[in-house]
Amino acid sequence: MSTVSYYTAEGLKKLREELDYLKSVMRPKASADIAEARDKGDLSENAEYDAAKEAQGMLEMRIAKLEEVHSNARLIDETHLDVSKVLVLSNVKIKNQTNGMEMKYTLVAESEADLKTGKISVTSPIGKGLLGKSVGEFAEITVPNGVLKFEILEITRD
């Protein structure tokens, strides 16, 4: 059973680009690598041929997986999202009640998460804990290191 994944326009574009790259560049390269290895002689003792075939198999698995994800991808319409609560694509400013540190995150689909750019997954412990909260509310989030308590300071959209 495949699951529906929600994407921003940017995330869906990246998914399509990766799929196109694998199909149009990497697939022909894998075929060429196999042909080159086949030309080197006896296939029963040709490790290069075996490696090329295995690489092609891994590539085809990756392409199949991306095609499945792409077929189940849904584009999020940001115009219909409620700005009073934390939802997917919300920019959330939170304050850690333990140390007073303020942080700003954008909640995104799991495949688009990138902590370096402040994008956290809605399926992460912090993302799950923030979903549905409003400004002024507190979120107690259980993480592997214990329980974190955050205050929601601000919710915006880009």
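The values are calculated or read from the model by the stated rules, or taken from the named source; none is laboratory data. Keep in mind it's a predicted model, so treat the numbers as computed, not measured. Virtual Cβ from ideal backbone geometry, glycine too; neighbours counted across all protein chains shown. Areas reflect the complete protein model, heavy atoms only, side chains present, ligands, DNA and RNA absent. Shrake-Rupley method; radii C 1.70, N 1.55, O 1.52, S 1.80 Å.
What does the charge count near M101 come to, summing +1 for each Lys or Arg and -1 for each Asp or Glu among other residues with Cβ under 14 Å from its Cβ? Please report the intermediate quantities before stating the final value.
Values: positive: K93, K95, K104, K149; negative: E102, E151.
Its environment carries a net charge of +2.
From the helices alone, meaning DSSP H stretches of at least four residues, give me the mean residue ellipticity at 222 nm for the chain, per-run term -39500 (n - 2.57), in deg cm²/dmol to the nearest 500.
On the way: 4 runs with 56 residues, N = 158.
Rounded to the nearest 500, the figure is -11500 deg cm²/dmol.
Considering only L59, Y105, L115, whose Cα is most displaced toward the positive end of the charge dipole of the chain, charges sitting on Cβ of Lys, Arg (+1) and Asp, Glu (-1)?
Selected residue: Y105.
Quick one: which residues, 5+ away or cross-chain, put their amide H under 5 Å from the amide H of S121? H built at 1.01 Å from N.
When sequence neighbours closer than 5 places are left aside, the close amide H contacts are V108.
Could you tell me which trypsin sites (Lys or Arg not before Pro) in the range 26-92 are loop residues by DSSP with no more than 13 other beta carbons within 10 angstrom of their beta carbon?
Numbers: sites: K29, R38, K40, K53, R62, K65, R74, K85; in loops: K40.
Here the sparse-neighbourhood loop sites are K40.
What accessible area per residue comes out for the range 78-156, rounded to a whole number of Å², with a 1.4 Å probe? Walk me through the intermediate numbers first.
Details: 4520 Å² over 79 residues.
For the range 78-156, the solvent-accessible area averages 57 Å² per residue.
Once all Cα-Cα distances of the chain are split into 10 Å bins that start at 0, what whole-number percent is in each one?
10, 29, 22, 17, 12, 7, 2, 0
Select from the range 112-158 those trypsin sites (Lys or Arg not before Pro) which occupy a DSSP coil region and have at most 15 other Cβ atoms within 10 Å, ordered by residue number.
R157
Taking the Cα-to-Cβ direction at V147 and at L115 and moving 7 Å from each Cα, how far apart do the two end points lie in nm?
With each label point 7 Å from Cα toward Cβ, the separation is 2.3 nm.
Counting only protein heavy atoms, what percent of the accessible surface of the range 5-75 is carbon or sulfur at a 1.4 Å probe? Spell out each step's value before the answer.
On the way: 2560 of 4730 Å².
It is 54 percent, rounded to a whole number.
Nearest 0.05, what FRET efficiency do L75 and V135 give at R0 = 25 Å with Cβ-Cβ as r? Walk me through the intermediate numbers first.
Values: r = 27 Å, r/R0 = 1.08.
Step by step, r from the Cβ atoms, then E = 0.40.
Sort largest first and round to whole Å: the equivalent ellipsoid semi-axes of the range 78-156, each the square root of five times a Cα gyration tensor eigenvalue. Don't jump to the answer; show the numbers that get you there.
Numbers: eigenvalues 67, 45, 24 Å².
Each semi-axis is the square root of five times an eigenvalue, giving 18, 15, 11 Å.
Multiply the residue separation of E45 and K93 by 0.36 nm, subtract the distance between their alpha-carbon atoms, and state the gained length in nm to one decimal. Write down the numbers at each step before the final one.
Numbers: separation 48, 0.36 × 48 = 17.28 nm, distance 6.01 nm.
Stretched out fully, the E45 to K93 stretch lengthens by 11.3 nm.
What is the Cα centroid distance between the range 108-133 and the range 38-61, reported in whole angstrom?
When both Cα centres are located, 40 Å separates them.
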